[in-house]
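Working notes, beginning with the structure itself.
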Amino acid sequence: MYERRGKRVYSIGYKMTNGRWAFRFDCPVDDVAQIRKLRAKAIEQSTRVIEDRPEGCFAGLVDAWFAWQEELPRTDAGRRADSTLAENKREATNLKKAWGHFGAGEITRAMGYEYLDACVATRPAKANKEIALARLILEFGIRKGVTDSNPLDQLGKNKVIKERRYVTDEEMDLAVEVGRRCGGARHIVALALRTAWLCVRRSVEVRALTRDAIKDTGILWKDGKSKDKPPALIEWSPELTSTIEEVLKIERFQVAGTMFVFGNMRGQKYTKGGWKAMLDDLIREC
């Protein structure tokens with residue numbers, strides 16, 4: 001067990017003999033009450049660490065689930081889309097930090113609610129998704145004989161208030177105007193945003209749009225969630241035509257490829273994180 005009191009941060013954690021941290025907790029160094037709580041929690045959890053046996057822990061089960069998903073044929077109905085798996089891997093990072101050192105059979109229903117409660121003030125919706133992923137992975141553990149039950153079945157969720165409304169013509173015009181003024185990546189993202197708005201497509205579909213999908217009759221869109229659905233043709237309108245013509249004229253770097261319609265300045269497909277960061281940047285400018 002390692003305990004450290006810095007100038008601003010107190011931390012305590014358990015490092016396994018393989019050099020990995022089983023867990024680490026931290027809080028402001030002047031929060032005496034929280035330090036006591038974290039110290040007691042760390043002592044309790046340190047007795048349950050399985051040294052150098054990630055395959056016997058929840059972390060090992062998480063890795064096994066991803067390996068199983070990636071081995072499934074792409075035509076298999078049980079295989080998740082690549083974009084979904086990439087998002088799941090980000091979600092699994094938080095799950096491993098919280099429960100990675102526990103055995104799969106040691107995870108309890110109370111721990112699920114503790115996880116949700118810890119995130120209710122800052123990231124309630126993401127915590128709901130992470131718990132849903134954990135439930136799915138534990139179900140996989142039952143299939144593999146790692147655990148006998150799934151304590152996260154029918155677990156309550158954090159309440160999330162979602163604002164839903166239509167984007168106005170004026171708001172979309174502003175986004176494109178600001179994108180043009182800023183130029184470069186913001187211009188590309190603004191036009192991608194308008195294309196998604198005009199065609200009612202998901203961001204994953206817009207980011208993946210390739211130039212060979214642009215036909216004389218319109219744009220052929222592949223469904224971002226279903227692999228079985230045939231591409232849908234959205235016919236040209238004057239506004240859609242001008243939007244696509246405008247984005248194709250944007251100059252990228254000299255080494256950039258030309259495969260993706262809304263590729264970044266290097267011609268590569270935007271990752272989900274890169275797209276979100278650039279979109280947030282555009283909205284701040286607006």
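The values are calculated or read from the model by the stated rules, or taken from the named source; none is laboratory data. What you are looking at is a predicted structure, and each value in this text was computed from that prediction instead of being measured. Positions of Cβ are backbone-derived with ideal geometry, glycine not excepted, and every protein chain shown enters the neighbour counts.
Here are some notes:
- Only listed residue being loosely packed, with under 14 Cβ neighbours inside 10 Å, without any contact (Cβ under 8 Å) to a residue 40 or more places away in the chain, more than 23 Å from residue 169 (Cα to Cα) and of a type outside the set (Ser, Thr, Tyr), chosen from 238, 230: 230
- Within region 68-85, considering residues that are surrounded by 11 or more Cβ atoms within 10 Å (Cβ to Cβ) and of a type outside the set (D, E, K, R), the one farthest from the chain's Cα centre (by Cα): 72
- Tallying residues that are small (Gly, Ala, Ser) and not in a helix (DSSP H, G or I) within region 90-131 yields 3.
- Filter result for the condition that a residue is more than 29 Å from residue 252 (Cα to Cα) and either assigned to a helix (DSSP H, G or I) or modelled with pLDDT under 95 (or both), over 165, 181, 194, 186: 165
- Meets criteria (modelled with pLDDT of 90 or more and surrounded by 11 or more Cβ atoms within 10 Å (Cβ to Cβ)) for residue 2: yes
- Of the residues making up region 189-227, those that are in contact (Cβ under 8 Å) with a residue 60 or more places away in the chain and either hydroxyl-bearing (Ser, Thr, Tyr) or buried (at least 16 other Cβ atoms within 10 Å of the Cβ) (or both) are 189, 190, 191, 192, 193, 195, 203, 204, 207, 208, 224.
- Residue check, residue 265 assigned by TED's automatic domain parsing to the domain that holds residue 214, surrounded by 12 or more Cβ atoms within 10 Å (Cβ to Cβ), assigned to a loop (DSSP other than H, G, I, E, B) and in contact (Cβ under 8 Å) with a residue 60 or more places away in the chain: yes
- When 243, 271, 195 are screened for being within 25 Å of the chain's Cα centre (by Cα), within 19 Å of residue 173 (Cβ to Cβ) and among the polar types (S, T, N, Q), only 195 passes.
- Enumeration of residues in region 28-47 that are closer than 23 Å to residue 93 by Cα and either crowded, with 16+ Cβ neighbours inside 10 Å or among the acidic types (Asp, Glu) (or both): 38, 42, 44, 45
- Residue 19 loosely packed, with under 11 Cβ neighbours inside 10 Å, within 24 Å of residue 58 (Cα to Cα), within 28 Å of the chain's Cα centre (by Cα) and modelled with pLDDT under 95: yes
- Candidates are the residues of region 142-162 that are charged (D, E, K, R) and in a loop (DSSP other than H, G, I, E, B); the one that is farthest from residue 196 (Cα to Cα) is 148.
- Taking residues in region 132-161 that are in the same structural domain as residue 87 (by TED's automatic domain parsing) and without any contact (Cβ under 8 Å) to a residue 24 or more places away in the chain, and partners anywhere that are outside any loop (DSSP other than H, G, I, E, B) and surrounded by 17 or more Cβ atoms within 10 Å (Cβ to Cβ), the pairs with Cβ atoms closer than 6 Å and at least 6 places apart or on different chains are 150/138.
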